[in-house]
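Quick notes on the structure that follows.
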Amino acid sequence: MINKEHLWFLTLFSLILVLSVYYITMPNDLLLSNQVFKENDKSESDNVAVEVVEDDILVSLRLDKDEERENEKKTLQSVLTNTAASIDEKNEAYEKLTYLNNVYGEEEKLEKKVKECCDISSFIEVNNNEINVVGISKNHSVNLANKIMRAIQEEYPQKVNVTVSFK
């Protein structure tokens, strides 16, 4: 009788065998044309200038923050599913997960508000009572920064520290 491990081994082995036979029987002209194409690509790509778009900065910041949060969520979820963890540890992990989800929602809401009131793209990071705003604008004025700070402060009943920087 064949068990799952043997079935997986046979499946993967047959796949490797089929691909290797295909590669061996492939005409040499096709392989040579691929190498010439790659050499032409390299010579053309040396002359290309890279231009950083303003939105790329925001995307980079968001990706870094999302990756950090996903890693933190995975560790917290592993604590929740761990049978050896105590009830207090599980409660703490659940509260942190809830806090992370709430913070993510707040950041999205604040980014929409800044976009509506000031008409600039922004990245907002909330850490307890500190809010960091990175705005993409050609106009780096104090008035615009104050307008952003006031718009964000309107969302909170208590005083929060708002830091605005422009790129």
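No value in this document is a laboratory result; all are computed from the given coordinates. Worth saying up front: this structure is predicted, and the values here are computed from it rather than measured. Heads up, the Cβs are rebuilt from the backbone with ideal geometry, glycines too, and the neighbour counts pull from every protein chain shown.
Computed quantities for the displayed model
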| quantity | calculated |
| --- | --- |
| Segment 66-167: GluC sites (Glu not before Pro) falling in loop per DSSP and having at most 13 other Cβ within 10 Å | 154, 155 |
| Selection of trypsin sites (Lys or Arg not before Pro), segment 76-133, meeting DSSP coil and at most 11 other Cβ within 10 Å | none |
| Hits among lysines - C-alpha to C-alpha of residue 90 under 18 Å, sequence gap 8 or more where chains match | 73, 74 |
| Percent of Cα-Cα distances greater than 16 Å, calculated over segment 54-166 | 63 |
| Residue-wise HN-Hα coupling along segment 100-109, computed from phi with Karplus coefficients 6.51, -1.76, 1.60 (Hz; x: Gly, Pro) | 4, 5, 5, 5, 4, x, 4, 4, 5, 4 |
| Phi to ³J(HN,Hα) by Karplus 6.51 cos²θ - 1.76 cosθ + 1.60 over segment 139-152, Hz, x for Gly, Pro | 9, 9, 9, 5, 4, 5, 5, 5, 5, 5, 4, 5, 4, 6 |
| Residue-by-residue Karplus 3J(HN,Hα) for segment 11-24, coefficients 6.51, -1.76, 1.60, Hz, glycine and proline x | 5, 5, 5, 5, 5, 5, 5, 5, 5, 5, 5, 4, 5, 5 |
| Amide H contacts under 5 Å for residue 162, placed H, 5+ residues apart | 131 |
| DSSP bridge orientation in segment 54-166 - percent antiparallel, rounded to nearest 5 | 55 |
